[in-house]
Each structure stands twice: as C-alpha cells, then as structure tokens.
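Enquirer: Attaching a single structure in structure tokens format; questions to follow.
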Amino acid sequence: MKTVCLIGKPNVGKSTIFNKLIKEKKSIIMDEAGITRDRIYGVVNYKGKNFSLIDTGGITSLKNDFTSEIKLQAEIGASASDLILFVVDGKNGLDQSDFYIRDMILKTHKEVIVVVNKIDNEKRRENIYEFYELGFDNIISISGEHNLGFNNLLELITKDIKESTNDDYNTPKFCVIGRPNVGKSSLINALLNEERAIVSDIAGTTRDSIDTRFTYDKNEYIIIDTAGLRKKGKIDKDIEKYSYLRSMSAIEKSDVCCVVINAEEGIIEHDKHILGYALNAGKGVVLVVNKWDKIENPNEEIKKWQEKIKNEFQFTPFIKVVFLSALKKKRIHTLMPAVLESYNNNSKMISTSLLNNVITEAVSLNAPPSFKGKRLKIYFVSETGIKPPKFTFQVNDKKLIHFSYARYLENKLRENFDLTGTPIILQFKTKNEQ
C-alpha cells in the first residue's frame, strides 16, 4: 500500500487535513502549536484506491524541549513513506521554519506535493505563487477548514495507485527487531535456510532493513531484517541514524514484530523500550529468546525465564514468547506458529453481541466506582477497528473512566477472547458524541 506522510510547521492545519482525508477525528486539533508530537496513522479510501496516511508533529527551526523528538518522529514518518505532503500556510506565507523543513525533506529524495492550506477565497488564491520559491514542482491549494480542493489533492495522490489491491498489502509481513548482536540475521537465515544476510559477531553488521518473500505451510509471507536498535543517546552518526529510521520504518510496515533478546545477557532495559516501539505502533508481538543453546538445563530454565518475563514485562502479559537457537536451528519450528497467532489476533473481529455480553457480566461482577456522586454507565460496546483491535464504549460520561477500571475491562476482554500477542485499544465516548 502506498504510504503518504503529512509534514509541516506547527499550526498549518496538518491534523485537520488528516482528519478530513481519513474521515475520522483521530488527530488532535487545537490552536496551540505543537499539540501533535507523535505519529498518527490512518487509511484513506478514494474511488476504490487505498493509501496509508501518517500525521506528524509540527516542526520548527526554533529550539525547545520537544524540537528534536518531533523532528525525529517526522523523519521516521518520511522514511516510511512513498510521498510527502508538505503542508504550508497560505494565509501567512513562508517563514524560516518552512525553509528548514524544505531542506530536511530534500534529503529524503521522496516525491513531494506542496499543499498550500487556508486558501478559502479568490484573493488568497494568488498567494500560491509565493510557494514556488520552495523549489518543488507539484503545488496544490486547499482549505482544510472549508473542505475545498480535496478531490484535486486525492486525484494527485492516487494517480499511480491501481484499484486492485496490491499483493504486498495482502501478504502478511513481520520484522525482526532488537538490540545489536542479539542474532536477528541468524534467525532470518535459519528461517530461510540460506546465508542471505551478513552474520558477524560485530554489532551493527546489518545497516539497512531488507525485505524477503518466503513460503511457509504453502502460504507466502514477507520477512524484514533490520539494523540493531541502539539507545537514542548513542545514535550520533548519520549512518546509525539512518539505520534507526529504517528499523522504525520496518516496524510500521509490518503486521507482527519479533523482538529478539539474548538469552546469555538476559533482559535489559533497552529490550523493554524496543518492545514498546512495536506495541505503540499497534503491532502484533512475539518475544524471541535467542541463543537458547547457550543455556544449561534448558527445560528447567524455561520455567524460570517465563517467570522472569512475567515480572519484567508486567503490563504486557499478553505477549507470545518462544525460546530458540537461531545459530543451531533448534526450536525454530516454534516461531512461525507464534507469529501467525499474533497476526490473526491483531486482525481479529469479535461480534457485537458477544462483546456486550462479556462487558455486561464484567460490570455486574465489579461495578465502576462512583466519582463526585456520579457513576460510570456503559451503554454499548463494539469493535471499531483492527490492527490492533479497537473497542469503542458508549458511556454516560467518558470523564468518569479511571485507568484501573479500563484495565479491568481490558483484562475481561482478554479472559474471554484470545487476544494473545496483540495490544488492543479501548476508546470511551460520551453518548451522542460524534
């Protein structure tokens, strides 16, 4: 599927454009600059053509507490994209931040459309010529607030997209991620039975992410090898930064992430961060404990490791865990069934009647606590999305939901439905809220 990324300075209307295109209020819209800091994802359908859309935080040339993080998030989004929509302010014109972003975009060598927003009258239409100074050929004017020019923009975005679904979009994709030198390339070689990736004891041998198509049990899959993910503070060279961006891009392209940890070293804090990258992106997850051949008394140690993982990853008891040796090709057969279970659960649809039966029983067993004399009432629940599964609760007042009760409801859903290996999203909406 084609991936499109919105990039621009704060308050140019990226989030409004994002919400209009995906036809859902998913991105936060506020007048305060810099509200959107992380990447937000959606899928756009236009005349039977689909593309993935990424919204990013506003980038500015000024330095503040969030500048570097927002820029990094935008670079990751751009790296994962085929097309960049460079959103600019047609009302106030160009400034230093626009040229700063222009220079950043040029380094990506991606196709670019300059989207001049806030062109909502004939007088402002003449403002569009100023933006040719940025040096891009494709420039189009719209008004996000007044819903003008979107058909022209969508025609331009989808001109090279076929109506028939791309094979790669239908093919399940999973990536192998982890710290440097935990055995990611060896794991892929073991699965593919060939030395297609460089395997070395030198950390960071794999610099880029590599896609490979392969067949398992008569079905096709795509596996993505990635560079080792170092701590952010250690990403100081351009080549390391590029590897980091490509690894994060691989996560976003995948349906399931296999997070590899080194059995010899045990679980370290950065392993948890890497797992967090996958969960935050809404992907199915399999935790792979590699180099299991180095462990003495492996049958006894598995029980100890399972307890250790339970303690170290307290808020993710749903993750699937396999123990194997990529180098010796021992227990390799346990990986693909775990990947497929996570993939299927990440895409699972549950009937509305079953959901409501489970939640009604959960509430009767443990009623929500009252707050300032008011008690949460749940009227209805339905599944409103997949990858990951998203459950929307219609309630009397969403401000009454406490995180501990939300976790209780999540646990009840997991007890009644097999959602092993996938995060889920619980959304609460006040009744009649759009």
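The values are calculated or read from the model by the stated rules, or taken from the named source; none is laboratory data. Predicted, not measured: the structure shown is a model, and the values here were computed from it. Using ideal geometry, Cβ is built from the backbone for each residue, glycine included, and neighbour counts are taken over all protein chains shown. Surface accessibility is based on the protein's heavy atoms, side chains included, excluding ligands, DNA and RNA. Shrake-Rupley method; radii C 1.70, N 1.55, O 1.52, S 1.80 Å.
Enquirer: Scan the range 96-153 for residues that are acidic (Asp, Glu), surrounded by 13 or more Cβ atoms within 10 Å (Cβ to Cβ) and under 29 Å from the mean Cα position of the chain (by Cα) and jot them down. Don't jump to the end; show me each part of the working.
Expert: Residues of the range 96-153 acidic (Asp, Glu): 98, 103, 111, 120, 122, 126, 130, 133, 137, 145.
Then keep just the ones that are surrounded by 13 or more Cβ atoms within 10 Å (Cβ to Cβ); that gives 98, 111, 120, 130, 145.
Answer for the range 96-153, where residues must be acidic (Asp, Glu), surrounded by 13 or more Cβ atoms within 10 Å (Cβ to Cβ) and under 29 Å from the mean Cα position of the chain (by Cα): ASP98, GLU111, GLU145.
Enquirer: Out of curiosity, is LYS329 among the basic types (Lys, Arg), open to solvent by 50 Å² or more (accessible area, probe 1.4 Å) and under 24 Å from GLY284 (Cα atoms)? Walk me through how you get there before you give the answer.
Expert: Values: among the basic types (Lys, Arg): yes; open to solvent by 50 Å² or more (accessible area, probe 1.4 Å): yes; under 24 Å from GLY284 (Cα atoms): yes.
Yes, satisfied.
Enquirer: I need every pair where a residue in the range 77-101 that is on the phi > 0 side of the Ramachandran plot has its Cβ under 7 Å from the Cβ of a residue that is modelled with pLDDT of 90 or more, sequence separation at least 6 or different chains.
Expert: These pairs meet every condition: GLY93/GLU130.
Enquirer: Would it be correct to say that VAL321 is open to solvent by less than 20 Å² (accessible area, probe 1.4 Å), within 24 Å of ASP418 (Cβ to Cβ) and not in a helix (DSSP H, G or I)?
Expert: Values: open to solvent by less than 20 Å² (accessible area, probe 1.4 Å): no; within 24 Å of ASP418 (Cβ to Cβ): yes; not in a helix (DSSP H, G or I): yes.
No; evaluated as a whole, the condition is false for this residue.
Enquirer: If SER243 meets every condition in (1) at pLDDT 55 or above; (2) open to solvent by 20 Å² or more (accessible area, probe 1.4 Å) apart from one, which number is that one?
Expert: (2)
Enquirer: When the residues of the range 302-318 are narrowed to those that are surrounded by 13 or more Cβ atoms within 10 Å (Cβ to Cβ) and under 21 Å from the mean Cα position of the chain (by Cα), which ends up farthest from CYS257 (Cα to Cα)?
Expert: Among those that are surrounded by 13 or more Cβ atoms within 10 Å (Cβ to Cβ) and under 21 Å from the mean Cα position of the chain (by Cα), it is PHE313.
Enquirer: For THR212, only one of the following conditions fails: (1) assigned to a helix (DSSP H, G or I); (2) open to solvent by 10 Å² or more (accessible area, probe 1.4 Å); (3) modelled with pLDDT under 90; (4) in contact with a strand residue (DSSP E or B) (Cβ under 6 Å, 6 or more places away or on another chain). What is its number?
Expert: (1)
Enquirer: Further, regarding this structure: List the strands (runs of 3 or more DSSP E) inside the range 97-186, counting only whole elements, that have at least 2 residues being of a type outside the set (Gly, Ala, Ser) and in contact with a Phe, Trp or Tyr (Cβ under 9 Å, 6 or more places away or on another chain). Quick ask: steps written out before the conclusion?
Expert: Numbers: elements: 111-117, 139-141, 173-178.
Per the criteria, 111-117, 173-178.
Enquirer: To continue, here is another question. Give the range 30-84 a look and list any residue that's of a type outside the set (S, T, N, Q), out of contact with any strand residue (DSSP E or B) (no Cβ under 8 Å at 6 or more places or on another chain) and modelled with pLDDT of 70 or more, or say none. Break it down into steps so the answer makes sense when it comes.
Expert: As a first pass, look at the range 30-84 and keep what is of a type outside the set (S, T, N, Q): 30-35, 37-44, 46-49, 51, 53-55, 57-59, 62-63, 65-66, 69-72, 74-78, 80, 82-84.
Those still in the list that are out of contact with any strand residue (DSSP E or B) (no Cβ under 8 Å at 6 or more places or on another chain) too: 30-35, 37-38, 46-49, 57, 62-63, 65-66, 69-72, 75-76.
Answer for the range 30-84, where residues must be of a type outside the set (S, T, N, Q), out of contact with any strand residue (DSSP E or B) (no Cβ under 8 Å at 6 or more places or on another chain) and modelled with pLDDT of 70 or more: TYR46, LYS47, GLY48, LYS49, GLY57, ILE70, LYS71, LEU72, GLU75, ILE76.
Enquirer: Then there's this: Could you list, in sequence order, the residues of the range 358-368 that are surrounded by fewer than 16 Cβ atoms within 10 Å (Cβ to Cβ) and either touching a helix residue (DSSP H, G or I) at 6+ places or on another chain (Cβ under 7 Å) or closer than 17 Å to THR422 by Cβ (or both)?
Expert: Residues of the range 358-368 surrounded by fewer than 16 Cβ atoms within 10 Å (Cβ to Cβ): 360-361, 364-367.
Answer for the range 358-368, where residues must be surrounded by fewer than 16 Cβ atoms within 10 Å (Cβ to Cβ) and either touching a helix residue (DSSP H, G or I) at 6+ places or on another chain (Cβ under 7 Å) or closer than 17 Å to THR422 by Cβ (or both): just ASN366.
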